[in-house]
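So the structure is just underneath, and the comments pick up after that.
Every number here is computed from the coordinates shown, using simple stated rules; none is lab data. Quantities reported herein were computed from a predicted structural model and do not represent experimental measurements. Neighbour counts are summed over all protein chains in view; Cβ atoms, including those assigned to glycine, are modelled from backbone coordinates with ideal geometry.
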Amino acid sequence: MGRSAILDKTVENLLLHVSLDSWSIGLLIGYVGEQKDYIVHIANTPIDSTEKSKGLSAISDIFVTSHAAELQRMLPGGLCICGVAATGPDLPSSYTHLQQIILATYKKACLADKYITQATTWQLSSLSPSDVKVQSLNTGWVIADTSLSINESIYLNRDQQNQHFEQQLMNGLQPCFETITNAICLFDGELLDENDTVGVAGKGKKSSQHSLPPSRINLQLLGKFEGSAGSSCSETMSYVRIKGTISAIAFSRAPAVAGDISQAVKSDLKKSLHLRCQLLCEDILQVGSEKHASDDQLIYELPPRVYIPHESLPVTFNDYMFKDERTEDCAERAQQLLGISHIDSSSIDTSVEHSAKLKDIENHQQSKEVKSSTTHTDSSSSLMANIGRFAPIASGAAIALAVSITYLNMEDWFG
């Protein structure tokens, strides 16, 4: 028996209003269960109208895979790109090319399943038999969140200066990622077995659990999140210091088990940290050379994570907002990548993480110490990067996540 796909009613409405006069391709976003995939949104891939009018064979898989790569940045723990939806007038003659697009997207986004829409209806048919149903998915969710304080020092070896900086950074963060993977999770302060059911009130049939209102759980990760990786100071030409607190969130369908939830939250933490380091490298490439020429110690503040609500479901998407950006900029990006006509910028939640205050940055520059900022309970803040020569950075309670990198010969990585 093939997998089942449950589409939220909002997805059905989007598919019903797609024109069949030309081809349209979208990425299915949802939660992948043991036997069912729960589709919460379809994000249409931006394709030029001229290309669409030429037929499916004229649409390159690069359009779709590039969209998938960007869209993955917006997905929290538990949600993934779980399929490809295509609508158009000539499915039989375009089937081979459509398979190529699906395969390329599968490799890019590690799709959990692959779907194709029929040419004349919204209904989905899988490459293997699939049962597709439509229902409201606004109930039956388990939402897990956490925040994690990090204090990592990464030393970059002189002998590896020809290796890309981002790759060295990721290699140095592997011990931190392993610590996250092996961390013990407390669920609302309680230690559970990985097979224990979470977020349901008592026992009951799975169908009844799916009708329950969303259940929210706070996770606490226990592990040693401080240390150093790479070579010793005497063998290195630069170092990276990452310090502070980040947030994470994951979504699951009830009844959920503790092991799956903890894995989803941990994956979200690692993905979020990885993405911010990528943004750090992009930022340094854009502004690095002029800054490096005049300053021994530089501070780069990475963008805080913001959360974008679904139009009707208790799931969220996320983005990273640079200091010189507004929520309107995030809304515009989300509209393009999610294929949504309008997102109210005032609905974007910017309260979960916060930027470091100016006085904290100034204090860090003067004393080489990132000081603590306060915010509301369970809140976290963004990455901040300090670039400078070898000098001790005092430990302390750090809300703002700081990344410190030596300036010595940074052009060897970015030149």
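Return the long-range amide H neighbours of residue 78 (sequence gap of 5 or more, or a different chain), with a cut-off of under 5 Å between placed amide H atoms.
251
Give the order of 243, 107 when sorted by the count of other beta carbons within 10 angstrom, beginning with the fewest.
On the way: 243 25, 107 12.
With the sparsest Cβ surroundings first, the list reads 107, 243.
Going by how many other beta carbons lie within 10 Å of each one, how would you line up 269, 56, fewest first?
Final ranking by Cβ density, sparse to dense: 56, 269.
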